[in-house]
Amino acid sequence: MYKGIAFALAAAVAGAAAAQSAAKPDPADPKARVPALEYRSAFEGYQRYAEPEVSRWREMNDEVGRVGGHVGMHRQGGASKPAPKPPAHGEHK
């Protein structure tokens, strides 16, 4: 049993020693070696704006009428039942 504990302790110490990194150079030393800088433009991958394709208004108007107006457009998104109608002017619930 003592051998197992001693082995576990030795393994922990060896693991901690292996995790140590090399001494870092002094940042104030002008002769210290540093990794090379890499330039990357902020515009890398930029895509020029393109006007979206506009649908014909008559076709869109017919589509809105087919689905039941603007409320029908929202129902197509997954609403299960229509919203309750608000009380008429002067009515109270």
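Modelling each spin label as a point 7 Å along the Cα-to-Cβ direction, I'd like the residue 58/residue 44 distance in nm, to one decimal.
The answer from the label model is 5.0 nm.
Under 14 Å from the Cβ of residue 32, count the other residues' Cβ atoms, weight Lys and Arg +1, Asp and Glu -1, and hand me the total.
+1
Laboratory data are not the source of any read-out in this text; all were calculated from the coordinates shown. Please read all numbers here as calculations on a predicted model, not as lab measurements. Please note: Cβ atoms are built from the backbone with ideal geometry, for glycine as well, and neighbour counts cover all protein chains shown.
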